[in-house]
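One structure below.
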Amino acid sequence: MRDALRGEWTKLRTSPGTPWAVLAVALSTAAVSALAVTTVRCPCATDTMTLTLVGVQLGQAVAAVFAVGVLGGEYGTGMITVTFAATPRRLTVLAAKAVLVAALVAASGAVGVGAAWASGHAALDEDFAVRPVAGSVLYLVLVALLGLGAAAVTRGSAAAVGVVLGLLYVGPIVGGVLTDPDWRRHFRQVSPADAGLAVQSTLDLDHLPIQPWQGLGVLALWAAAGLAAGAVALARRDA
Amino acid sequence: MIRAEWTKLRTVRGWVAAMAGALLLIVVLATAPGAGGTCDARCALPTGPEGQEVTDSFRFVHRTLTGDGTITARITSFTGTRDAGPDANDPVLVPWAKAGLIVKDGTTPGSPYAAVMLTGAHGVRMQYDYVHDVAGPAGRTGSDGRAAAQWLRLTRTGTTVTAAASPDGTHWTTVGRATPDLPQQVEIGLFATSPQYSEVSTEVFGVTGASGGPSTATAAFDQVRLGGTTATEWRSQQLGGPSSTPETNGPDAAAPVTDGPGPPLPDTGSAEDGGVFTLTGNGDVAPAVSGANGLGFSVTQTLAGTFAGLILVVVVGAMFMTAEYRRGLLGVTVAASPRRGRVLLAKAVVIGGVTAVTGAVAAAIALPLGSRVMRANGLYLNAVSTGTEVRIVLGTAALLASCAVFALAIGTVLRRGAVALTVVLGLTVLPYLLAVSVLPAGVADAVLTVTPAAAFAVQQSAVEYAMVDNLYLPNTGYFPLPPAGGLAVLLGWTAVAFAAALVLLRRRDVR
């Protein structure tokens, strides 16, 4: 495992796109949040913590695309055969990539979410709360892991990006269209973006479709399922 | 050339599956909205003479008129209250509260009429047949800040109804003329009504809060004079409310409305005292709109699956070109057909054509299927004309086809599928999602005017009327651009991307 980790880290740090992607996750999260808190006129009737952390909605797309590219990009260049030749145990490769993607997105997400909270504190006098802030960083990590799993299943970047972005963005749209309140609540308990973002809420917790940590747990289940499907696909199919 | 590209498209199992999946998603998600309603045939709204659904509800004090005639009256006071929400019982006249004179074909809701009226904030107006609105002189305010006395006159001669207004009863200005389809025997008289109001209460990045509710208006008329062959007795009723039983007007008591199946309405009524008629009414005489103030759901919701189908279509469109870069196939393609412009054009034709057909079939199935499911489950759908439905279906097909070609062009420019996908989805789906959920109204409208997401306006089925107060926001189905305009924005983006792709394809190496 250590060799696999070292190999993956070498690939990541020598790839020209990696520093840009890591920077982009932090920047997009912080920028959108800063934009939100500076254009708001308060006193706000809404949950200001959710407002402060709204940048995660864009940061999640950047994190997902980065994670998909880490594995999907190898298929595109044909590098994957070399990787599997060097490390025949394919699940080790997947695990090493998952660990490194999680670490990089966690670091970048921490910077981005931290900057977002700081702008919220400066503009709206938002107090620090561990659950929303740490939960948002975890949210980004889980979305990235979901993307990694999707890339393993589809053996390419483009389709995986489509799947993950579809799940994250079309889910809330469809949830908004449902007319039956029960269906809507159940849908929002299951949809990865809706459930995962519940971790950011601090007000009106009784009326959320799902409780904060449970919501993040639902997203964790999605990420686990994605990685599991990816592992099965890697083990059984040709590279 | 086209045949070659068609072969490439249909022999990749994944792409064919994706297109089929797009069709399936659009159709399946059409049934998503349909659950849980309590309406049946009785929920239908009345229909006006020009075919739209209308609201026809007002306090009417009237006599029967046979043939030609005229009515003149002076409004001496016009006040109102809001009946719900944070401003409940505030003495405020909502902007489109109406009081004035009306001539109407009977008392059935939805029948033709012509009216001249004083409104809460839009002055004197003539309105007829629900969708026509003519502005007259602005309302004047007296020295105490309240509305000054306003003379109004309505004259029916033959098939024409003329409306006139005057500040003093001597100098009259014609507000307008109309020719509603009125029979010989009509009801003519005084009316007062006040519509649902709505306003944005908080508008911040993250939520648009709205408040609203019903309102009531009270107007006092004096110097009422009738000309022509009229019945001798005034009758008074609240038209279109839960109870519309006509009552004869007495000299003093107001006639309260009995509670019907809906929530209890504030008391409406009328009274006459020494020639002064005081009317209290609520409701509206206008087209029915959907949304915050409105009733019913729009058929556009049956096409919520378009977003899911769009993602699949965009994936195929981008990969159609980026796969050639990835596999090195582009060298072979260009060797087979050196004119690269034709290659790109053939790809665009193939992917656009396939997507257009898929989209048209999917929308043509989804729209009626979704409507039927919603109605069967007791949800009230606002009626739309067949022309609008056809426009929605064809527009959705054009929207999907154009997005596929846009993805193809961006894929050619960027040469990397994942990045191209993110860019295209970020320009088409993300703006719509942000506009209906977190953006304030002004920013949402701007975003939906400038980005390719404007093309979703082709699916708009609700009509916006200047004479009805409502929150015309993207999240209730009102887009800032008309359907053709929105599609034109998307086609513009596609054309620019296509031109860039053409230039770059010719100039760059095939790697």
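None of the figures in this text is laboratory data; all of them are computed from the coordinates on show. Quick caveat: nothing in here was measured; it's all calculated off a predicted structure. Cβ: placed from backbone, ideal geometry, glycine included. Neighbour counts: every protein chain shown.
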Quiz item: How large is the Kirkwood hydrodynamic radius of chain A, in angstrom, based on all distinct alpha carbon pairs?
Solution: 18.3
Quiz item: Rounded to the nearest 0.05, what FRET efficiency do B:Thr229 and A:Gln214 have when you use their Cβ-Cβ distance and R0 = 51 Å?
Solution: 0.10
Quiz prompt | Check: the protein assembly as shown dipole with +1 on Lys, Arg Cβ and -1 on Asp, Glu Cβ, in debye | solution = 4800
Exercise. Report the calculated FRET efficiency for B:Leu24 and B:Val357 (r = Cβ-Cβ distance, R0 = 22 Å), to the nearest 0.05.
Key: 0.90
Quiz item: So what's the gap between the Cα centers of the stretch B:451-511 and the stretch B:314-375, to the nearest angstrom?
Solution: 19
Quiz prompt | For peptides B:322-334, B:299-311, sequence by mean Cβ density within 10 Å, most packed first | solution = B:299-311, B:322-334
Practice problem: Search the structure for amide H atoms under 5 Å from the amide H of A:Asp180, placed 1.01 Å from N in the peptide plane, and list their residues when 5 or more places away or on another chain. | Solution: B:Ala35
Exercise. Summarise the partner chain shielding of A:174-184 as one whole number: the mean count of Cβ atoms from other chains within 10 Å of each residue's Cβ.
Key: 6
Quiz item: How far apart, in nm, are the 7 Å Cα→Cβ label points at A:Arg2 and B:Val503?
Solution: 5.5
Self-check item: Cα pair distances of the protein assembly as shown binned at 20 Å [whole percent]
Solution: 16, 40, 28, 14, 3, 0
Exercise. Name the long-range amide H neighbours of B:Lys98: under 5 Å, sequence gap of 5 or more, or other chain; modelled H, no Pro or chain starts.
Key: B:Thr193, B:Ser194
Quiz item: For B:Thr449 and B:Val276, what does the FRET efficiency come to when R0 = 45 Å and r is the distance between their Cβ atoms, rounded to the nearest 0.05?
Solution: 0.30
Practice problem: Give the value in nm², to one decimal: projected area of the alpha carbon convex hull of the stretch A:126-186, averaged over all directions. | Solution: 6.0
Quiz item: In peptide B:406-418, how many Cβ atoms from other protein chains are near each Cβ within 10 Å, on average?
Solution: 3
Self-check item: Distance between modelled label sites at A:Ala106 and A:Thr202, nm, 7 Å Cα→Cβ extension
Solution: 2.4
Quiz item: How much length is gained if the chain between B:Leu369 and B:Ala148 is pulled fully straight, taking 0.36 nm per residue apart and subtracting their Cα-Cα distance, in nm to one decimal?
Solution: 74.1 nm
Quiz prompt | For chain A, built as a Gaussian network whose Cα springs stay under 10 Å, the top-fluctuating residue of A:Val137, A:Val99, A:Val22 | solution = A:Val99
Exercise. Quickly rank B:461-472, B:407-418, B:425-436 as a protection proxy: mean count of other C-beta atoms within 10 Å, highest first.
Key: B:407-418, B:425-436, B:461-472
Quiz prompt | For the protein assembly as shown, calculated [θ]222 nm from helices alone, where every DSSP H run of n ≥ 4 adds -39500 (n - 2.57) | solution = -16500 deg cm²/dmol
